[in-house]
Amino acid sequence: MGNLCCCVQVDQSTVAIREQFGRFDSVLEPGCHCLPWMIGKRIVGHLTLRLQQLDVRCETKTKDNVFVTVVASIQYRPLAGKESDAFYKLTNTRSQIQAYVFDVIRASVPKLNLDDAFEQKNDIAKAVEDELEKAMSAYGFEIVQTLIVDIEPDEHVKRAMNEINAAARMRVAANEKAEAEKIVQIKRAEGEAEAKYLSGLGIARQRQAIVDGLRDSVLGFSVNVPGTTAKDVMDMVLITQYFDTMKEIGASSKSSAVFIPHGPGAVRDIATQIRDGLLQGQSAAHQ
């Protein structure tokens, strides 16, 4: 209906390209415009001024011969005042941009190792943006932003990288575990050494107390019982200790009976044997 009335409406963020008898006439801004079609003027197309985005997937190879897929996101829009160039100079804008992206990425990534490609993806994006800006400005387009949103290695390479990372972490964990076990063993050994040292001190003090007690017993018995000698007292103490020892053996052993020699001369024989053993021990110590 608008065309019959020689009027046309252009939407917001859009411009219309008007020709007269097949020749470019003007760019119509958003709003309502007269279109005297009787004199050969007509709308041949519309051009959006909105920011557009093109995602490009480019497969290439790194310097260390790893095939990767680089995903680049290109944001672009027509330049103000050059809408006619953007409309007429390119048949397929997206294909043209994609070709430039392929060219730059396949020239930049093969110079880098895989790890460097991940670290320097901003440099790759900057190279793509500079090349596109230089090329597309002649066709009436502005490159607003270029992003390298992803670098995808081959699936086998990705799995190998994960395995290397996992192995490195397991090695660190094993070292930490071994270090912890080492510390535990050292602390346990130090504890055992300290315990044995204290046990030795206790045994030494126990034996010293026994010797002191025997000495006091011999001296006290000799004083209180006239006519006795130290030898008699020592024999009695040794016999008493002997029977105490046998009592402990009977109490702690699994056997219910302990056989010992008994008779009129058994006590004297026991005392003689104990005394002879002590004398032999003292003689060996002096030698």
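A few remarks follow.
- Any hit, the stretch 35-53, residues being without any contact (Cβ under 8 Å) to a residue 40 or more places away in the chain, of a type outside the set (Phe, Trp, Tyr) and in contact with a Cys (Cβ under 7 Å, 6 or more places away or on another chain): yes
- Among the residues examined, Gly140 qualifies as crowded, with 19+ Cβ neighbours inside 10 Å and either under 25 Å from Thr14 (Cβ atoms) or touching a Gly at 6+ places or on another chain (Cβ under 9 Å) (or both).
- Matching residues, the stretch 47-90, being farther than 29 Å from Ala107 by Cα and of a type outside the set (Val, Ile, Thr): Leu47, Leu49, Arg50, Ala80, Gly81, Lys82, Glu83, Ser84, Phe87, Tyr88
- The residues of the stretch 78-90 that are surrounded by 17 or more Cβ atoms within 10 Å (Cβ to Cβ) and not aliphatic (A, V, I, L, M), listed by number, are Pro78, Lys82, Glu83, Ser84, Phe87.
- Subset of the stretch 96-117 [in contact with a strand residue (DSSP E or B) (Cβ under 6 Å, 6 or more places away or on another chain), of a type outside the set (A, V, I, L, M) and either over 14 Å from Phe67 (Cα atoms) or surrounded by 15 or more Cβ atoms within 10 Å (Cβ to Cβ) (or both)]: Gln98, Phe102
- Residue within the stretch 71-89 that is among the hydroxyl-bearing types (Ser, Thr, Tyr) and free of Cβ contacts under 8 Å to residues at least 24 places away in the same chain present: no
Only the coordinates and a few stated rules stand behind these numbers; no lab work does. Bear in mind the structure is a predicted one, so any value in this text is a computation, not a measurement. Heads up, the Cβs are rebuilt from the backbone with ideal geometry, glycines too, and the neighbour counts pull from every protein chain shown.
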